[in-house]
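The values are calculated or read from the model by the stated rules, or taken from the named source; none is laboratory data. For clarity, every value in this text was computed on a predicted model and none was experimentally measured. Neighbour counts are summed over all protein chains in view; Cβ atoms, including those assigned to glycine, are modelled from backbone coordinates with ideal geometry.
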Amino acid sequence: MSSEGSGRRQGVFISIEGPDGAGKTTQAHMLKERLENQGYKVFLTREPGGTPIGEEIRNILLNPRFEEMSVACEILLYSAARSQLVKDVLRPYLERGYMVITDRYLDSSLVYQGLAGGEELEMIKNINLWATAGLLPDITFLLDIDAVKGLQRLEGKETSFSQQDRMEQKELEFHRKVQEGFLLLASQEIKRFVVIKGEDEPREVHDQLWSQFQNFLLNKENAS
Ligand code: TYD
């Protein structure tokens, strides 16, 4: 995917992706804390959401009452929330030199609505490149976890089926496609993606992620 529209950025844009139950949120917080301990300015946000408008859109998207929601509607709502996040949060923080971490970004739409949801990938890419003015992560960590294990983890959090959000309630087959879809994207963009096994203990996953991030920073320094 080609990147970057207008605007100067000095910060580093990091996204964390993966199937449901992969442990993204835990890893995003651990990364933030470690970076802050090293003296970096860090901003952490999540999708869908991250702005007042985005959080309202999130409530619609994840509401189990809206079973009838079409995939096209999902694409437009996720990208609408993302567009606001880019404008109000991501770009301003990047321009101020922050390390910006997002718990999910547009790869989630390509996978959940495209590769698993069945909508045309090129269309989703184009809508999202427009919505984000071409802002792509500098590095994307994919926490890979077997679909069954990911769902078991969610169950471990004692969420009964009725308490799960609308996306989590989808069939196992869908979640398998999500896992495969992320791996496919990662294989197509090996420069941006770093795949990490999400099944280990959070501390071990974090150590792997951290060491890969150090390599990334080193390469970035050498390139500039
Ligand atoms: P999230 O809050 O990350 O849930 P979890 O922490 O359980 O992974 O994301 C909510 C759901 O929204 C998740 O099932 C993935 C889905 N999603 C999409 O389908 N498309 C998207 O573009 C995004 C950002 C999320």
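Here Met30 does not fit the description of being in a loop (DSSP other than H, G, I, E, B) and of a type in the set (A, V, I, L, M). Just wondering, is there one or more residues in the stretch 82-89 that are at positive phi and of a type outside the set (S, T, N, Q)? Scanning the stretch 82-89, I find no residue that is at positive phi and of a type outside the set (S, T, N, Q), so the answer is no. Among the residues of the stretch 133-155, is there at least one that is over 19 Å from Arg192 (Cβ atoms) and polar (S, T, N, Q)? Yes, that holds for at least one residue. Would a scan of the stretch 130-149 turn up a residue that is modelled with pLDDT under 95 and among the β-branched types (Val, Ile, Thr)? Yes, that holds for at least one residue.
Results for (1) among the small types (Gly, Ala, Ser); (2) touching a Ser or Thr at 6+ places or on another chain (Cβ under 9 Å); (3) over 24 Å from Leu106 (Cβ atoms), shown as yes or no for each residue.
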{"residue": "Gln163", "(1), (2), (3)": "no, no, yes"}
{"residue": "Met167", "(1), (2), (3)": "no, no, no"}
{"residue": "Lys177", "(1), (2), (3)": "no, no, no"}
{"residue": "Ser187", "(1), (2), (3)": "yes, no, no"}
{"residue": "Ile190", "(1), (2), (3)": "no, no, no"}
{"residue": "Glu221", "(1), (2), (3)": "no, no, yes"}
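Of the set (1) of a type outside the set (Val, Ile, Thr); (2) more than 12 Å from the ligand (Cβ to nearest atom); (3) within 16 Å of the chain's Cα centre (by Cα), all apply to Ala22 but (2). Check the stretch 185-206 and report whether any residue there is of a type in the set (A, V, I, L, M, F, W, C), modelled with pLDDT under 90 and away from the ligand (no atom under 12 Å from the Cβ). Looking through the stretch 185-206, none of the residues is of a type in the set (A, V, I, L, M, F, W, C), modelled with pLDDT under 90 and away from the ligand (no atom under 12 Å from the Cβ).
For the stretch 40-77, filtered to residues that are under 19 Å from the mean Cα position of the chain (by Cα) and assigned to a loop (DSSP other than H, G, I, E, B), the residue that is farthest from the ligand (Cβ to nearest atom) is Thr51. What is the residue count in the stretch 189-224 for residues that are outside any loop (DSSP other than H, G, I, E, B), under 17 Å from the mean Cα position of the chain (by Cα) and surrounded by fewer than 15 Cβ atoms within 10 Å (Cβ to Cβ)? Looking only at that region, the number is 1.
Screening Arg58, Arg65, Arg46 for residues that are among the basic types (Lys, Arg) and touching a helix residue (DSSP H, G or I) at 6+ places or on another chain (Cβ under 7 Å) leaves exactly one candidate, Arg58. Does the stretch 20-43 hold any residues that are among the polar types (S, T, N, Q) and touching a helix residue (DSSP H, G or I) at 6+ places or on another chain (Cβ under 7 Å), and which are they? Listed by number, the residues that qualify are Thr26, Gln27. Which of the residues belonging to the stretch 204-224 are without any contact (Cβ under 8 Å) to a residue 24 or more places away in the chain and over 17 Å from Tyr40 (Cα atoms)? Within the stretch 204-224, Glu204, Asp207, Gln208, Asn219, Asn222, Ala223, Ser224 meet the criteria.
With respect to (1) within 13 Å of the ligand (Cβ to nearest atom); (2) touching a residue at least 24 places away in the same chain (Cβ under 8 Å), the lone exception for Val100 is condition (1).
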